[in-house]
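Shown next, in structure tokens, is the structure this report addresses.
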Amino acid sequence: MANDDSIDDLLDELDAHGDLDTAEQVLSIRTESRRYGKPVTIVEGFDLPADEVQSIASDLKSAMGTGGTVDDGAIELQGDHRDRVPELLRDRGFRVEA
């Protein structure tokens, strides 16, 4: 048991708990057609505080050069970005299901 405590202490020192949580999250990406047939890319599955999801959304919007919002913990991006978003999220340490 003392060994488990040592590992937990080491992880706390390295602040690796956040990285482990991010790597364990599996995000899904899908598109929907909205008003006038416009596509919207939706990224779901975040288990993060709202401000962190908002920060990720802001980064994705900048990278894609598009608008978007956060709604109920899901990121909505204007347009069909299923080809580029997974790579950007994987670079941030998330797992993305195909």
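Of the residues L89, L27, only one is among the aliphatic types (A, V, I, L, M), assigned to a helix (DSSP H, G or I) and at pLDDT 85 or above; which?
On the way: L27 fails: assigned to a helix (DSSP H, G or I).
After applying the criteria, what remains is L89.
Taking the residues in the range 51-69 that are surrounded by 13 or more Cβ atoms within 10 Å (Cβ to Cβ) and within 13 Å of T41 (Cβ to Cβ) as candidates, determine which candidate is farthest from the chain's Cα centre (by Cα).
T66
Residues being in contact with a helix residue (DSSP H, G or I) (Cβ under 7 Å, 6 or more places away or on another chain), modelled with pLDDT of 95 or more and closer than 14 Å to V96 by Cα: count how many of those fall in the range 42-74.
Number of matching residues: 1.
Return the only residue of G68, G79, G45, G73 being touching a strand residue (DSSP E or B) at 6+ places or on another chain (Cβ under 7 Å) and within 18 Å of Q25 (Cα to Cα). Explain how you work it out, then say what you get.
Numbers: G68 fails: within 18 Å of Q25 (Cα to Cα); G79 fails: within 18 Å of Q25 (Cα to Cα); G73 fails: touching a strand residue (DSSP E or B) at 6+ places or on another chain (Cβ under 7 Å).
Criteria check complete, one pass: G45.
Whether any residue in the range 68-80 is of a type in the set (S, T, N, Q) and either touching a residue at least 40 places away in the same chain (Cβ under 8 Å) or outside any helix (DSSP H, G or I) (or both) is what I want to check.
The answer is yes, given that some residue of the range 68-80 is of a type in the set (S, T, N, Q) and either touching a residue at least 40 places away in the same chain (Cβ under 8 Å) or outside any helix (DSSP H, G or I) (or both).
Would it be correct to say that V96 is surrounded by 11 or more Cβ atoms within 10 Å (Cβ to Cβ), on the phi < 0 side of the Ramachandran plot, at pLDDT 95 or above and touching a Leu at 6+ places or on another chain (Cβ under 7 Å)? It would help to see each step written out before you state the result.
Numbers: surrounded by 11 or more Cβ atoms within 10 Å (Cβ to Cβ): yes; on the phi < 0 side of the Ramachandran plot: yes; at pLDDT 95 or above: no; touching a Leu at 6+ places or on another chain (Cβ under 7 Å): yes.
The answer is no for V96.
The values are calculated or read from the model by the stated rules, or taken from the named source; none is laboratory data. These numbers were taken from a predicted model, which means no experiment stands behind them. When we count neighbours, we look across all protein chains shown, and the Cβ atoms used for this are built from the backbone with ideal geometry, even at glycine.
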